[in-house]
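Reviewing the structure listed below.
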Amino acid sequence: MSEDFIIAIDFDGTICEDKFPDYGKLRDGAKDAIIALYAEPDVAIIINTCRHDEWGVMDYLFRKNIPFGMVNENHRGLIDLYGDCRKIAANVYVDDRNVFAERYTWSEIKTELFRKLYQWRKYGKRRS
């Protein structure tokens, strides 16, 4: 297993409003939550998007000063262990298509992610 707590975050409808094929407005609290999580020493953030224009997604994030590790790529540690596959492997997925996800603010998402990170650190890196 990877030595990092991997968080896969959807782009459209999660980080920004869903205005595909355009780029929507940044959702309230998304930037602050992602910055706080990215600052943690053993957290890896993967932007998981269905867009084919990954460079456009990266440009959007760079312009908004939102840090991330990868876009649509698996964590190098997992690739080394298991090989690569199409599905992004993560400890936690943040996506507007999750059940009830439309109810949650980024403040609530951030709280839940830090709770899961705490559990992962406390109870062993194989559990999340």
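Observations on the structure shown:
- Every residue from region 9-42 that is out of contact with any Asp or Glu (no Cβ under 6 Å at 6 or more places or on another chain) and aromatic (F, W, Y): F11, Y23, Y38
- Just so you know, in region 102-114 the residues that are closer than 20 Å to I46 by Cβ and modelled with pLDDT of 90 or more include one that is surrounded by the most Cβ atoms within 10 Å (Cβ to Cβ), and it is L113.
- Residue match in region 4-17 (condition: surrounded by fewer than 17 Cβ atoms within 10 Å (Cβ to Cβ) and touching a residue at least 24 places away in the same chain (Cβ under 8 Å)): no
Yes/no per residue for (1) of a type outside the set (D, E, K, R); (2) closer than 21 Å to E3 by Cα; (3) at pLDDT 90 or above:
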position: A33; (1), (2), (3): yes, no, yes
position: I46; (1), (2), (3): yes, yes, yes
position: E54; (1), (2), (3): no, no, yes
position: D59; (1), (2), (3): no, no, yes
position: N65; (1), (2), (3): yes, no, yes
position: Y82; (1), (2), (3): yes, yes, no
position: N91; (1), (2), (3): yes, yes, yes
position: F100; (1), (2), (3): yes, no, no
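- Pairs where the first residue, in region 106-128, is on the phi > 0 side of the Ramachandran plot and the second is modelled with pLDDT under 95 and exposed (fewer than 12 other Cβ atoms within 10 Å of the Cβ), C-beta under 8 Å, 6+ apart: none
- Checking each residue in region 19-48 for being closer than 18 Å to W120 by Cα and surrounded by fewer than 17 Cβ atoms within 10 Å (Cβ to Cβ) picks out A36, Y38, A39, E40, P41, D42.
The values are calculated or read from the model by the stated rules, or taken from the named source; none is laboratory data. Worth saying up front: this structure is predicted, and the values here are computed from it rather than measured. Heads up, the Cβs are rebuilt from the backbone with ideal geometry, glycines too, and the neighbour counts pull from every protein chain shown.
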